[in-house]
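Step one of this worksheet: look at the structure below.
The values are calculated or read from the model by the stated rules, or taken from the named source; none is laboratory data. Predicted, not measured: the structure shown is a model, and the values here were computed from it. Cβ sites come from the backbone with ideal geometry, for glycine too, and all protein chains shown count toward neighbours.
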Amino acid sequence: MRFQVPQYIEVEDKIFGPLTFKQFVYIGGALGISAVLFSLLPKIIAIPLSIPVIMLGAALAFFKVNDRPFALLVEDFIKFHIGSKLYIWKKGTNEKKEEAVATGTGSLQQLTVPKLSGSKLKDLTFELDVKNQSNPITRDES
């Protein structure tokens with residue numbers, strides 16, 4: 001028995017002409033809000049207020065940032081500003097070595113420096129990593 005496997009499941013179906021359901025809701029909502037603004041306020045006030053609403057509706061419907069919908073960007077923005085900002089850093093397993101190096105009680109014998117070979121880029125990154133540590137470690141160039 002053969003079954004047909006759906007393909008392109010990430011692509012939303014076009015329901016209202018060239019628009020998907022979400023796009024239709026965003027555009028329809030923006031136009032509805034601007035219609036309410038035009039009916040309640042004088043045109044001189046309604047026009048400047050409805051332009052940003054229509055632009056936001058169009059951005060939510062069509063604009064993408066790094067191949068992600070603009071609605072997700074707005075959602076992440078709101079979550080970031082409303083949510084808590086407590087960040088906790090946990091030290092790794094090298095805690096004792098880091099403490100010994102930071103206090104100066106550890107000997108240089110505890111830290112072994114590997115012999116590097118290969119490209120100059122690897123040597124350069126190793127030297128930069130070593131210089132960022134608090135103790136001076138020198139290595140043989142051979």
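Miscellaneous remarks
- Output for the stretch 46-66, where each listed residue is of a type in the set (A, V, I, L, M), more than 10 Å from A30 (Cβ to Cβ) and within 21 Å of the chain's Cα centre (by Cα): V65
- Lone qualifier among V113, V53 - being touching a helix residue (DSSP H, G or I) at 6+ places or on another chain (Cβ under 9 Å), hydrophobic (A, V, I, L, M, F, W, C) and modelled with pLDDT of 75 or more: V53
- Flag for G29 being closer than 16 Å to V74 by Cα, in the same structural domain as L73 (by TED's automatic domain parsing), at pLDDT 95 or above and surrounded by 11 or more Cβ atoms within 10 Å (Cβ to Cβ): no
- Subset of the stretch 10-26 that is of a type in the set (V, I, T) and out of contact with any Phe, Trp or Tyr (no Cβ under 8 Å at 6 or more places or on another chain) - its residue that is modelled with the highest pLDDT: V25
- Being assigned to a helix (DSSP H, G or I), within 23 Å of K64 (Cβ to Cβ) and in contact (Cβ under 8 Å) with a residue 12 or more places away in the chain is a property that I33 has.
- Residue in the stretch 8-22 that is more than 18 Å from P69 (Cβ to Cβ) and in a helix (DSSP H, G or I) present: no
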